[in-house]
Amino acid sequence: MALHLNLLHEEILEQRQRQRDPLKLGMIALVGCGALLFLYYTWNAYRTLEIKSRLTTVERAWKKIEPGVTAAQKRVADLEGVIKTTRTLDDYIDNRFFWAPFLQKVSRCVAPNTQLTNFEGVVLDENKGINVSIEGVAAGREPRSVAEDLRQMLLEQLGQSYSEVKAEFKTLEDLDTIVNVAGTHMATAHYILTVNFNPAAVPKPAESPASARARKQ
Amino acid sequence: MKLNKDQVKKLSLSAIGFVFLLYVYFTFFLGPLNRSRDGMLLKIKDFQSKLDASKEQMNKAVKLEQHAKTSTGRFAALKALNPEGAPIAWFPPRARAFFANQQVDKVVARLEGSIGFKQAELSGWMKYSWIIDLPQADYGTLGRAIAELENTDPLLSITKLSIHTLPDQPQFQHVDLAAVNIIEKK
């Protein structure tokens, strides 16, 4: 076996030690990681810039239509307010109690031998009902029955248009006074009638299917 | 491989350097960038939803404008029923003129009070209560006048009506009306 002498042994060892220097290897690893992180950062920054440009576009589009949208929102709010107010006012108008038709009905009930001297009518709060007080004098052979006829007529006439009609005598008393009506002397009675009713119309009864069918036949 | 003391020191230095690098990277570079990106994405989402909603809003306004034509017309007509100015200045003369046209003279109208509405829809309107005194009216004329009043002034409603005979003038009756008129706040 031949003998080999390595005279560069120490230099090679030193070179190997330099190559395996942990600080140097660490630095290389650090630079490598740094480069990777930098690339990742650059990629993120690029994406962010892209998003920023998208944001700018969207912002510009919004700024363009924002005044129109604000005006539209205001208009919608105004219109909704107008619609609601008009509806409420219409409800109020529709729920009013009309006195003229009522006075007409009362005038139809008053016969020539009855006289009204006082009339007081009040609409109860929130149109819950109407209270009327009618005071007058009835004349006839039987003045009380004349007053009763007036009460019956009121019930009949008012019942055609209103619901829950009640007409009651608060007072009905004979008077000593004798009056002349159409040349005839008649006894008189003083009355006060209290009339209550609901201004809502009487609901018509629903037609039964059987009767509808019979009419068709 | 066995590391000597110097190498262990250098390795520790490298590890510390690496940790420091990561800390700086995430805290001062990537973190703010991500935060800003997330913020921008949120803004885009917000704007996008606003843009989508705005289209609906515009369409709604156009449709509502078409549907509300009747209401707006009616609202304008109701507003036009009452003239400008304080109601106390124009209502009594108007009531007097109205009843004079209906052959009922010597009418006096006076303000009893005014009150606002509870309903939010009518917050811009007020209820004015009036007492209208008709010292000389006959039943038939009064009925026609009231019918005309109720038909021509829909915002006015009569809440109380009293009719009394006049002993010295049997052809006439003394009438008191309590009426409520709805008037827009000026």
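Just so you know, all these numbers are worked out from the coordinates, no wet-lab data involved. Not measured: the values here are computed from a predicted model. Positions of Cβ are generated from backbone atoms using ideal geometry, with glycine treated the same way; all protein chains shown enter the neighbour counts.
When the Debye formula is applied to the Cα atoms of the protein assembly as shown, each taken as the same point scatterer, what base-10 log of I(q)/I(0) results at q = 0.06, 0.10, 0.13 Å⁻¹?
After summing over all Cα pairs, the log10 values are -0.54, -0.89, -1.15.
Projected onto the charge dipole of chain A (+1 at Lys/Arg Cβ, -1 at Asp/Glu Cβ, origin at the Cα centre), which of A:A187, A:L89, A:A167 gives the Cα projection farthest towards the positive end?
A:L89
With each label point set 7 Å from Cα along the Cα-Cβ vector, what nm distance links B:K186 and B:F28?
Those two pseudo-labels are separated by 7.2 nm.
Taking chain A as the reference, fit the longest principal axis to its C-alpha atoms, fit the long axis of helix A:99-109 to the helix C-alpha atoms, and give the angle between the two in degrees, 0 to 90, nearest 10.
The two axes meet at around 30 degrees.
With chain B treated as a Gaussian network of Cα nodes joined by springs under 10 Å, which of B:A147, B:A120, B:A97 yields the largest mean-square fluctuation?
B:A120
Apply 1/(1 + (r/R0)^6) to the Cβ-Cβ distance of B:L13 and A:Q19, taking R0 = 25 Å, and write down the FRET efficiency to the nearest 0.05.
After rounding, the FRET efficiency stands at 0.85.
Could you list, bin by bin from short to long, the percent of Cα-Cα pairs of region A:25-94 in 5 Å steps?
4, 13, 8, 9, 7, 8, 7, 7, 6, 6, 5, 5, 4, 4, 3, 2, 1, 1, 0
Taking only Cα atoms and a 10 Å spring cutoff, compute GNM fluctuations for chain A and point out the largest among A:Q15, A:Q104, A:Q115.
A:Q15
Between the helical axis of A:9-19 and the dominant principal axis of chain A, each derived from Cα atoms, what acute angle in degrees is found, rounded to the nearest 10?
Result, in degrees: 10.
For B:K43, list the aspartates and glutamates whose Cα falls under 15 Å from its own Cα; do not include residues on the same chain fewer than 8 positions away.
Qualifying aspartates and glutamates at Cα under 15 Å: A:E50, A:E59, B:D52.
What percent does the relative contact order of region A:99-198 come to when contacts are Cα pairs within less than 8 Å and at least six residues apart?
Reported relative contact order: 31 percent.
Grab the beta carbon distance between A:Q73 and A:Y40, set R0 = 56 Å, and tell me the FRET efficiency rounded to 0.05.
0.80
Would you work out which of B:T70, B:L177, B:S114 lies farthest towards the positive end of the dipole of chain B? Charges go on Cβ: Lys and Arg +1, Asp and Glu -1.
The one lying farthest along the dipole's positive direction is B:T70.
Over chain A, with a Gaussian network built from C-alpha contacts below 10 Å, which listed residue (A:V165, A:V181, A:V58) shows the highest mean-square fluctuation?
Sorting by GNM fluctuation, first place goes to A:V58.
Can you tell me the relative contact order of chain B? Whole percent, Cα pairs under 8 Å, sequence separation 6 or more.
Relative contact order for chain B comes out at 17 percent.
Once both labels are modelled 7 Å past Cα along the beta-carbon direction, what's the B:E84-B:S129 spacing in nm?
About 3.1 nm, to one decimal.
Rounded to the nearest 20 Debye, what is the dipole magnitude of region A:60-174 about its Cα centre when Lys and Arg each give +1 and Asp and Glu each give -1 at the C-beta?
1040
Quick one: what are the phi-derived ³J(HN,Hα) couplings along region B:164-171, Karplus 6.51/-1.76/1.60 with θ = phi - 60°, whole Hz, x for glycine and proline?
The phi angles translate into 10, 6, 9, x, 8, 10, x, 7 Hz.
How far apart, in nanometres, would the label points at B:D105 and A:F98 be if each is projected 7 angstrom from Cα along the Cα-to-Cβ direction?
My value for the distance between the label points is 3.1 nm.
Given the C-alpha centroids of region B:48-87 and region A:52-96, what is the distance between them in whole angstrom?
9
Given 0.36 nm per residue, what is the gain on full extension from B:L51 to B:Q119 after removing their alpha carbon distance, in nm?
Result: 21.0 nm gained on full extension.
Quick check: net charge around A:V31, other residues with Cβ under 15 Å of its Cβ, Lys/Arg +1 and Asp/Glu -1?
It works out to a net charge of 0.
Report the relative contact order of chain A, percent, no decimals, based on alpha-carbon pairs under 8 angstrom and at least 6 residues apart.
The normalised contact order for chain A reaches 15 percent.
Taking a ≥ b ≥ c as the square roots of the Cα gyration tensor eigenvalues, with a/c under 1.5 meaning rounded and otherwise prolate when a/b beats b/c, else oblate, which class fits chain A?
Prolate, since a/c reaches 1.5 and a/b exceeds b/c.
What is the Å³ per residue value for the convex hull set by the Cα atoms of region A:99-198?
86
Restricting to DSSP loop positions (anything but H, G, I, E, B) with no more than 12 other Cβ atoms inside 10 Å of their own Cβ, which trypsin sites (Lys or Arg not before Pro) remain in region B:88-150?
Of the trypsin sites (Lys or Arg not before Pro), the ones in loops of region B:88-150 whose Cβ has at most 12 other Cβ atoms within 10 Å are B:K106, B:K118.
Placing +1 at every Lys and Arg Cβ and -1 at every Asp and Glu Cβ, with all other atoms neutral, what dipole size does region B:3-138 have around its Cα centre, in debye to the nearest 20?
800
With Kirkwood's inverse mean 1/r over C-alpha pairs for Rh, give me the Rg to Rh ratio of region B:83-184, two decimals please.
1.01
Any chance you could give the angle, 0 to 90 degrees and rounded to 10, that helix A:22-94 forms with the longest Cα principal axis of chain A?
Approximately 10 degrees, to the nearest 10.
Under a point-charge model restricted to the Cβ atoms of Lys and Arg (+1) and Asp and Glu (-1), what is the dipole moment magnitude of region B:83-184 relative to its Cα centre, in debye to the nearest 20?
Charge dipole, region B:83-184, about its Cα centre: 140 debye, nearest 20.
Can you give the FRET efficiency for A:N118 and A:E80, using 1/(1 + (r/R0)^6), R0 = 35 Å, r = Cβ-Cβ distance, to the nearest 0.05?
Working from the Cβ atoms, E equals 0.10.
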